[in-house]
Every structure is written in C-alpha cells, then in structure tokens.
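Contents: one structure, followed by commentary.
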Amino acid sequence: MEFVRVSGLEPDQSELFEAWAQVFIDAALADNGESDERSATDLREMERNPDVGRRLMAVVDEGRVVAGASVMFPLQDNLTHSFATIAVLPEFRRRGLGTRLLDWIEEQAREQGRATLQMHFNARPGARPAGFAFAEQCGFSLAQRLVRNDLDLSSWTGADANVPVPEGYRLVAEVGLPPERQADYARFQEAITTDIPLGGLALEPEVWDVERVGALSARLEAMGRTRWLVWAEHEGSGECAGFTEVQWAPDLGPIAYQQDTLVHRDHRGHGLGMALKRVNAAQIAAGQPAIATIRTWNADDNTHMLAVNAALGYVVGSEMLEWQKLLRPAG
C-alpha cells in the first residue's frame with residue numbers, strides 16, 4: 001500500500017485525482033446503494049478556493065486507489081476548526097487504512113492549530129454503517145443528526161401545498177444570482193450561521209460580504225451549476241424578507257440539491273418559508289425536465305422546516321450523522 005498526497009490542481013495527477021474522487025462515490029454506493037458525494041469537477045473547484053485550505057491523501061494498491069481522505073481548514077471563519085472525509089472500499093476495510101488516514105488528518109489539523117475535527121457519514125434510517133462504529137472507536141462524539149428528504153418532481157403538482165403568498169409580500173423567482181441581489185445574499189448567509197439549529201457542533205458565526213458572494217458564484221459557475229432562487233420582498237418597506245435556493249448541474253444526474261432557505265426573524269410566522277420553497281419547486285419542475293428530485297437535509301430538531309417539507313410532499317430517504325472530536329494540542 002502506498003499513501004500519496006494528491007491534488008486536483010496538478011496536471012500530472014489528473015488521473016489519480018479522478019480515481020481518488022471516485023473512491024468516495026464507490027464507498028457510498030457500497031454502503032447505502034446511492035451516493036451524494038461530490039464529483040471530481042466540484043472537488044477541483046473547491047480546491048481552488050483561497051479561503052479554505054485543503055490537503056488530500058490517496059491510498060494506492062497495485063495501481064488502484066482503494067481509499068482516500070481529505071482535511072479542510074477554513075481560513076476566514078472557524079479558525080480553530082477542521083473538517084475531514086475518509087472513504088475505504090469495502091474489500092480493503094479492517095486493515096487499518098481508515099485509522100492511518102485519520103492519524104494523518106489529525107496531524108495536519110494540529111499543525112494548523114485546529115482544536116476541533118468534524119466529519120459526517122450517511123446512512124439509511126436506522127442503519128449503522130461501518131463509519132458510525134469507526135467514529136465512536138476513534139474518539140468522536142455524535143454532535144448532530146440530519147434528516148434527508150426528497151421531493152419527487154415527476155408526480156408533484158404542488159396541489160397539496162398550494163399556500164397563498166402571505167399578504168404584504170411578493171415572491172420573485174429568478175435563475176442565477178444577479179449583482180443587485182449579492183448584498184442580500186451575503187446578509188442571509190451570515191444569518192444562517194447563527195439562526196439554524198447546530199446541535200452540538202462547535203461552529204462559529206461567519207462573516208459574508210459582496211466579494212465573498214461573488215467568489216462563491218464564480219466557483220459555482222465553474223462547477224457548471226444552475227441556481228434557482230426565490231426571494232420574498234416586503235411590499236411596505238421593500239426589504240428582502242427571505243430566500244430559498246436550489247442548485248443543479250448535469251453531472252448530478254436527475255437530482256437537484258436544496259441549499260439554504262431562510263426567513264428573516266422579523267418576518268417569520270406568515271408561512272413565507274413554505275411559499276418560497278413551493279414556488280421554487282414549481283419553477284424547477286416547469287423549467288428543467290432533467291431534474292426528477294429535489295434533495296434536502298435538515299437537523300432532526302428543526303421541526304418547523306421538517307413540517308414544511310412534509311407538507312410540500314417531501315419523503316424521508318436517509319440520514320446524515322455529524323461527528324465531532326476535540327483534538328489534543330500538538331506536542
């Protein structure tokens with residue numbers, strides 16, 4: 001077995017990087033029968049992000065990548081945190097590869113002065129894949145459980161959730177994020193880091209501005225993402241009261257991914273969240289026949305949004321468990 005540092009930005013490692021990215025997909029397919037892992041295209045563009053440090057490792061056996069890992073260090077916010085991924089093909093498990101990769105990840109995190117390490121695993125409801133036991137054995141604690149819901153657009157009409165737009169508001173559906181929306185988008189991204197349930201995750205608020213939003217938009221464009229957004233505007237004040245966003249790219253197949261939905265706290269209690277998501281699902285169903293499913297995750301204690309999803313016709317498909325570990329200082 002050979003442990004090899006890999007990068008999607010090195011031309012001579014293109015084939016190795018593609019194989020490294022595929023290991024995460026193949027391991028997920030073996031464990032859960034499906035995969036929501038990032039494509040190599042996404043991962044390459046994420047590696048270009050100057051606001052996040054990333055280090056990647058591949059395990060190669062006789063020319064074949066059989067395991068992989070990554071560790072990420074935010075460089076703008078959450079400066080004591082690190083985030084990890086590990087995947088080992090089933091036939092190469094129980095050989096200590098996961099433990100060796102985690103040892104490498106923790107070493108990298110300590111070198112960067114990180115005190116907390118987080119990683120997640122997906123599973124069918126009630127299942128206990130190998131990753132859960134691995135996390136527990138390696139000193140991680142369960143910090144948050146998220147529920148995955150899918151909306152089947154092939155048969156969805158929205159009739160069961162035909163809620164009216166709340167009086168005093170108007171909803172504006174758009175494809176893409178125009179420059180005049182970037183300041184509002186930044187404001188909501190900041191609010192999301194403080195307003196959504198985080199369970200036991202030790203995450204800190206983030207700071208967003210127009211420049212950061214523009215950089216994100218450029219990365220998403222390079223990934224080939226189409227973005228559908230709906231904005232709620234308060235007619236009396238002209239204030240942007242809420243938004244929702246869904247993204248899709250051809251390499252994601254028939255699944256589009258819900259991003260954030262947030263209503264400003266001053267405008268809650270009027271049903272805006274459900275109205276926003278319903279209008280966005282309708283514009284996607286009408287405008288992009290290649291999308292059969294909208295997929296979303298919500299914390300299991302986010303009972304309000306889970307109820308909104310159920311009312312819209314979403315069905316529970318799986319769960320994601322977020323694990324967290326406090327790291328001992330280097331030395």
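Annotations for the structure displayed:
- Taken over the range 80-111, the criterion of being within 18 Å of W20 (Cβ to Cβ) and in a strand (DSSP E or B) is satisfied by F83, A84, T85, I86, A87, V88.
- Matching entry among E190, E221, E233 (being closer than 25 Å to V308 by Cα, free of Cβ contacts under 8 Å to residues at least 60 places away in the same chain and acidic (D, E)): E190
- Take the conditions (1) within 19 Å of the chain's Cα centre (by Cα); (2) of a type outside the set (D, E); (3) crowded, with 17+ Cβ neighbours inside 10 Å; R145 misses just one of them, which is (3).
- Any strands (runs of 3 or more DSSP E) falling wholly within the range 224-331 and containing at least 1 residues that are over 30 Å from G113 (Cβ atoms), at pLDDT below 95 and of a type in the set (D, E): 315-326
- Selected residue [surrounded by 15 or more Cβ atoms within 10 Å (Cβ to Cβ) and either of a type in the set (K, R) or in a loop (DSSP other than H, G, I, E, B) (or both)] from R212, R128: R212
- Restricting attention to the range 249-284, the residues that are acidic (D, E) and within 18 Å of R148 (Cβ to Cβ) total 1.
- Residue within the range 165-173 that is surrounded by 13 or more Cβ atoms within 10 Å (Cβ to Cβ), under 19 Å from I294 (Cα atoms) and at pLDDT 95 or above present: yes
- Criterion (β-branched (V, I, T), under 16 Å from Q108 (Cα atoms) and either surrounded by 14 or more Cβ atoms within 10 Å (Cβ to Cβ) or modelled with pLDDT of 95 or more (or both)) met by exactly one of V52, V65, V60: V52
- Residue match in the range 75-87 (condition: more than 25 Å from Y257 (Cβ to Cβ) and crowded, with 17+ Cβ neighbours inside 10 Å): no
- Candidates E180, E174 - the one that is out of contact with any Gly (no Cβ under 9 Å at 6 or more places or on another chain), without any contact (Cβ under 8 Å) to a residue 12 or more places away in the chain and not β-branched (V, I, T): E180
- Per the conditions (1) touching a residue at least 40 places away in the same chain (Cβ under 8 Å); (2) farther than 30 Å from V71 by Cα; (3) crowded, with 16+ Cβ neighbours inside 10 Å; (4) touching a helix residue (DSSP H, G or I) at 6+ places or on another chain (Cβ under 8 Å), the sole criterion not satisfied by L276 is (4).
- Residues being part of a strand (DSSP E or B) and free of Cβ contacts under 8 Å to residues at least 40 places away in the same chain - total across the range 32-70: 4
- Among the residues of the range 279-289, not one is surrounded by 18 or more Cβ atoms within 10 Å (Cβ to Cβ) and without any contact (Cβ under 8 Å) to a residue 60 or more places away in the chain.
- Selected residue (criterion: surrounded by the most Cβ atoms within 10 Å (Cβ to Cβ)) from residues of the range 253-273 that are β-branched (V, I, T) and touching a Lys or Arg at 6+ places or on another chain (Cβ under 9 Å): T261
- Odd one out for V23 among (1) in contact (Cβ under 8 Å) with a residue 60 or more places away in the chain; (2) part of a loop (DSSP other than H, G, I, E, B); (3) not charged (D, E, K, R): (2)
- Scan of the range 176-198 for residues that are in a loop (DSSP other than H, G, I, E, B) and surrounded by fewer than 18 Cβ atoms within 10 Å (Cβ to Cβ), ordered by number: G176, P178, I196, P197, L198
- Boolean, L326 is surrounded by fewer than 20 Cβ atoms within 10 Å (Cβ to Cβ), farther than 16 Å from V147 by Cβ and touching a residue at least 24 places away in the same chain (Cβ under 8 Å): yes
- Scanning the range 211-238 for residues that are farther than 16 Å from M46 by Cβ, touching a helix residue (DSSP H, G or I) at 6+ places or on another chain (Cβ under 8 Å) and among the charged types (D, E, K, R) gives a single hit, R227.
The values are calculated or read from the model by the stated rules, or taken from the named source; none is laboratory data. Note that the structure is predicted; figures quoted are calculated from it, not measured. All Cβ positions, glycine included, derive from the backbone under ideal geometry; neighbour counts span all protein chains shown.
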